[in-house]
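For reference, the structure discussed in these notes is given below.
Taken together, the values in this text are just the output of simple stated rules run on the coordinates, not laboratory data. Source: prediction; values computed, not measured.
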Amino acid sequence: MTNALEYEAVAEEGTNPLGISGIEFIEFATSKPQALGSLLEKLGFRPIARHRSREVELYRQGSMNIVVNSQPADLPHTVRPAETPVLSAVALRVSDAEAAFQRVRDMGAWEIPVRARAMELNIPAIHGVGESLIYFVDRHEEFSIYDIDFRAIPSVEKKPAAIGDLHFFGIVQYIGADRTADWVWFYSQLFGFTRLPDRVRFGIMPKGSLLQSPCRSFFLQLIEPEDNARYAAMEEHLQRIGFGTSDVMATAALLEKRGIEFLASEKVHANDRGALTKPCLGGVIFEFVHDEAAIHSKPR
């Protein structure tokens, strides 16, 4: 793992063609929303709103929003069993959602047909990895997308404090063998991500290739299959969320008291650099990464 000064030296100042300024929300799809909701609450998230016409619930913690979507029509078709939660979408905060959508579509991205019903907000989106979607959101300040489509849950704190200063650090994406170059092109050319040198590593799972967002507030980690699994059939997909925290061990201790279990083997165990939760609900994993203020710079 590199230190902050070395990281600042190798991180390049790239362009930000879409005006990205962080992650607005990450969405899970599942036919068992109560089980996933219970897990999210152990992590410190709280349900704060429900969609007006769909089976969708909004969970929040600090600056993070997680959407739990159990609308039957929106559940992935290639994942079985359907009750296993899957990461189904990422919404990016951008300066102009329609302009961002038009730009990436003109560069070859596949657009998603309009899903909004009458009196619902249409959020432009394109196809991401597997069956996942990438949304573009420009309403995230005083007037947000949730003000239109969601009803607040009464007597619930709308901005619950984060445990251990948790925030979105990044997303891990599993890709096919020899597909790194394709996905690096996709994220760099369409979105302005920068591939970091291999010596730059975070956490305790130093695999694959790291891409930094143009706003320098989150990362993508692309992981190809191991040698003995390179030719096995595998669907490319978003695999897990990475949370940043200034003190991994202290945050892990707090979460363990809330019922979260962490992997503890000879090769993978919680330490000052990072921690990985045990798989639950059929394979849901969360990662925690040490993130100093010098490393986690605010969006520009």
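Couple of notes before you dig in:
- Under 5 Å, built H, 5+ apart or other chain: amide partners of A89: E27, L133
- In this structure, the amide hydrogen of A49, modeled 1.01 Å from its nitrogen in the peptide plane, lies closer than 5 angstrom to those of L58, I153, counting only residues at least 5 positions away or on a different chain.
- Note, ³J(HN,Hα) from phi for the range 178-188, Karplus 6.51, -1.76, 1.60, rounded to Hz, x at Gly and Pro: 6, 10, 4, 4, 4, 6, 4, 4, 4, 6, 7
- For the range 163-290: relative contact order, % (alpha-carbon pairs under 8 angstrom, 6 or more apart): 31 percent
- Values of log10 I(q)/I(0) for the range 163-290 across q = 0.09, 0.12, 0.13 Å⁻¹ run -0.27, -0.48, -0.57, by the Debye formula with one identical scatterer at each alpha carbon and no solvent.
- The H on the amide N of E83, modeled in the peptide plane, is under 5 Å from the matching H of S31, each at least 5 residues off or on a different chain.
- Backbone geometry of the range 256-269 corresponds, through the Karplus equation with coefficients 6.51, -1.76 and 1.60 at θ = phi - 60°, to 3J(HN,Hα) couplings of 4, 5, 8, x, 8, 9, 10, 4, 9, 10, 4, 8, 10, 7 Hz, x marking Gly and Pro.
- Under Karplus coefficients 6.51, -1.76 and 1.60, residue-wise ³J(HN,Hα) of the range 57-71 in Hz, glycine/proline x: 10, 9, 10, 9, 8, x, 8, 9, 10, 10, 9, 10, 10, 10, 5
- Normalised Debye scattering of the range 23-152 at q = 0.10, 0.11, 0.19 Å⁻¹ gives log10 I(q)/I(0) of -0.31, -0.38, -1.16, counting only Cα atoms as equal scatterers and leaving out solvent.
- For the residue pairs K32/K278; K158/K207; K42/K159; K32/K207; K207/K278, the C-alpha atoms sit more than 26 angstrom apart in K158/K207; K32/K207.
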